[in-house]
1. Considering only residues of region 42-57 that are touching a residue at least 60 places away in the same chain (Cβ under 8 Å) and over 14 Å from the mean Cα position of the chain (by Cα), which is surrounded by the most Cβ atoms within 10 Å (Cβ to Cβ)?
2. Select from region 252-277 the residues that are farther than 13 Å from G199 by Cβ and of a type in the set (V, I, T) and list them in ascending order.
3. For S175, which of the numbered conditions (1) of a type in the set (G, A, S); (2) in contact with a Leu (Cβ under 6 Å, 6 or more places away or on another chain); (3) over 30 Å from A221 (Cβ atoms) fails to hold?
4. Could you check region 27-41 and list, in sequence order, the residues that are part of a helix (DSSP H, G or I) and either out of contact with any helix residue (DSSP H, G or I) (no Cβ under 6 Å at 6 or more places or on another chain) or among the charged types (D, E, K, R) (or both)?
5. Looking at (1) surrounded by fewer than 22 Cβ atoms within 10 Å (Cβ to Cβ); (2) not in a helix (DSSP H, G or I), which one does I144 not meet, given that it meets all the others?
6. Would you tally the residues in region 64-86 being touching a helix residue (DSSP H, G or I) at 6+ places or on another chain (Cβ under 8 Å) and over 13 Å from G30 (Cβ atoms)?
7. Could you please find all residues in region 232-252 being hydrophobic (A, V, I, L, M, F, W, C) and touching a strand residue (DSSP E or B) at 6+ places or on another chain (Cβ under 8 Å)?
8. Of all residues in region 152-172 being polar (S, T, N, Q) and crowded, with 18+ Cβ neighbours inside 10 Å, which is nearest to V235 (Cα to Cα)?
Amino acid sequence: MNAPINTGLAGAVPVLTLNNGVTIPQLGFGVFQIPPEETRLAVGEALAAGYLHIDTAAAYRNEAGVGAAIAESGIPRDEIFLTTKLRNGEQGSPRAAFEASRKALGVDTIDLYLIHWPVPSQGLYVQAWRELEILYAEGHIRAIGVSNFLPEHLDELLANSTVVPAVNQIEVHPSFTQDALAQKSRSHDIAVQAYSPLGQGRDLSSPVVSELAAKYGATAAQIVLAWHLGLGNIVIPKSVTPQRIRENLAATSFNLSSEEIAAISALETGERIGADPAVAAFTQM
């Protein structure tokens with residue numbers, strides 16, 4: 001088997017335009033489950049490798065590390081796309097939560113601010129969204145969106161709000177493609193952003209992925225990330241290993257054919273890894 005392609009240098013990262021005209025790098029770096037004490041170094045490695053899109057959340061408790069790495073990087077703030085999210089338990093006080101995140105990150109403006117989960121049992125996400133609309137109108141946020149919103153949550157939000165979400169960040173990987181939800185989101189010009197994009201590793205050993213990795217001289221992770229890019233997903237893989245951080249970014253260096261994308265999509269099992277947004281009710285506090 002050939003060595004993994006472009007392990008040190010990535011190709012140009014595609015940029016997508018959101019429904020309000022704001023552009024976002026299609027491949028970013030996620031920090032979910034990275035311990036706070038390791039976040040600054042991991043994000044620093046990612047920025048040094050060429051990532052210009054960092055995704056965090058108040059619930060991850062590592063916003064300060066993200067902010068420190070951005071400040072230390074020497075990269076102009078307006079060249080880095082920064083996402084964070086509203087905790088479930090703070091849907092009743094989104095402005096205060098936003099200000100806390102902004103302070104922890106050490107920035108004036110958040111590029112994308114998401115409602116992390118709908119938590120339908122609370123009945124607060126429409127109210128929270130209206131507050132986000134105000135923050136957006138005031139210029140504190142460049143784009144607002146949602147995460148883990150199912151079709152019924154999108155319908156209720158769209159029927160009771162003014163601003164259409166720019167993004168719906170959802171669990172997507174080859175064995176859990178969420179095609180119907182992705183199509184629903186895109187039908188409203190809502191971009192699909194994939195978290196757990198590698199199926200937390202469980203999709204990397206499938207024969208079709210292994211065969212394509214051998215064909216392209218790529219890692220299995222690069223193949224799955226190229227699948228996401230080919231589908232038009234925004235994708236935010238996570239790693240704390242410098243070599244893997246660079247390798248993941250290099251998934252932008254080649255394109256899969258439509259037939260290869262379909263073959264990977266056929267791995268769909270309907271089995272999610274994370275919580276079900278229809279019933280998830282944790283506070284994240």
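1. Going through the qualifying residues, I end up with A46.
2. Passing the criteria: T252, I261.
3. Checking S175 against (1) of a type in the set (G, A, S); (2) in contact with a Leu (Cβ under 6 Å, 6 or more places away or on another chain); (3) over 30 Å from A221 (Cβ atoms), the one that fails is (3).
4. Matches in region 27-41: E37, E38, R40, L41.
5. Going through (1) surrounded by fewer than 22 Cβ atoms within 10 Å (Cβ to Cβ); (2) not in a helix (DSSP H, G or I) one by one, I144 breaks only (1).
6. Step one: filter region 64-86 for residues touching a helix residue (DSSP H, G or I) at 6+ places or on another chain (Cβ under 8 Å), giving 64-70, 72-73, 75, 77, 80, 82, 84-86.
If we keep only those that are over 13 Å from G30 (Cβ atoms) too, we end up with 64-65, 67-70, 72-73, 75, 77, 80, 86.
So the count comes out to 12.
7. I234, V235, I236, I245, L249, A251
8. First pass over region 152-172, keeping only residues polar (S, T, N, Q): 160-162, 168-169.
Next cut, crowded, with 18+ Cβ neighbours inside 10 Å only: 168-169.
Details: N168: 12, Q169: 9 Å.
Among those residues, the one meeting the criterion is Q169.
None of the figures in this text is laboratory data; all of them are computed from the coordinates on show. Keep in mind that what you see is a predicted model, and the values were worked out from it rather than measured. Note: ideal-geometry Cβ built from the backbone for every residue, glycine included; neighbour counts use all protein chains shown.
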